[in-house]
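The values are calculated or read from the model by the stated rules, or taken from the named source; none is laboratory data. The shown structure was predicted, so the numbers you read here are calculated from the model rather than taken from an experiment. Reconstructed Cβ throughout: ideal geometry from the backbone, glycine too, with neighbour counts over all protein chains shown.
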Ligand SMILES: [Zn+2]
């Protein structure tokens, strides 16, 4: 019962917001810069800032590879720095953390929400049954679909093998739903898969991944959503809360 009333209230609230927003967003066929609560618009083009979020940190180690012993929080920081150096010639880059500190997910969201012409890329590595292998990319907002598609394609082209992985996934997470700028969460591969975890332990492979991800971000900034297929449908859903899902 509670959830029924919650969802009914959200539908009413969403309808009210949509009717208020209507006059300001016009036809919605062009990229409009800046923040947007729902993200029901085409993906960004011409953005100038990339916020790079190294997942986990400090007391939160994330996943640990049973094979190499490497911790997700160290690998995500390494990847974030590689991405920053790949992108810094073309964009202003902001690292959500640049050392081994814990940053709460809601703090990450509020930091992102202080920025205008930016996109947020959250970097993670995955964990699951050992047979699963390959990259995955999560998005929620319509304006994040094109970038997510490009990132998934780029990582997939770099990854030498995939098995049972989910690929591109629309999922409401705190870092895919709550930021008011386009945002994606990428999983660079499974630390729980012995072969992939050994590959991820190799700095040359991580550099290859970073180069391909940076190239996908530059393409999105240059041509927007062109070539990424039809946009997904807008979904009105409440912000993601800590007990909705992990990550
Ligand atoms: Zn993670």
(request) Six or more apart or on different chains, Cβ under 7 Å: which pairs go from a residue in segment 46-74 that's more than 15 Å from residue 201 (Cβ to Cβ) and in contact (Cβ under 8 Å) with a residue 24 or more places away in the chain to one that's assigned to a loop (DSSP other than H, G, I, E, B) and away from the ligand (no atom under 16 Å from the Cβ)? Could you list them? (result) 47/117; 48/91; 48/117; 49/91; 49/115; 49/117; 50/91; 51/115
(request) For segment 151-179, name all the residues that are under 21 Å from residue 208 (Cα atoms) and out of contact with any strand residue (DSSP E or B) (no Cβ under 9 Å at 6 or more places or on another chain). (result) 154, 157, 158, 160
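Find the residue count for segment 58-79, including only residues that are surrounded by fewer than 22 Cβ atoms within 10 Å (Cβ to Cβ) and either outside any loop (DSSP other than H, G, I, E, B) or near the ligand (Cβ under 10 Å from one of its atoms) (or both).
Total meeting the criteria: 7.
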(message) With the requirement that a residue be within 16 Å of the ligand (Cβ to nearest atom) and buried (at least 17 other Cβ atoms within 10 Å of the Cβ), what does segment 214-247 give you?
(response) 240, 247
(message) Condition check: more than 14 Å from the chain's Cα centre (by Cα) and in contact (Cβ under 8 Å) with a residue 40 or more places away in the chain. Does residue 201 satisfy that?
(response) yes
(request) Report yes if residue 97 is within 16 Å of the ligand (Cβ to nearest atom) and either farther than 14 Å from residue 210 by Cα or not in a loop (DSSP other than H, G, I, E, B) (or both), otherwise no. (result) yes
(request) Taking residue 82 as the residue in question, decide whether it is more than 16 Å from the ligand (Cβ to nearest atom), modelled with pLDDT of 95 or more, crowded, with 16+ Cβ neighbours inside 10 Å and closer than 29 Å to residue 129 by Cβ. (result) yes
(request) Check residue 182 against each of (1) touching a strand residue (DSSP E or B) at 6+ places or on another chain (Cβ under 8 Å); (2) more than 15 Å from residue 40 (Cα to Cα) and name the one condition it does not meet. (result) (2)
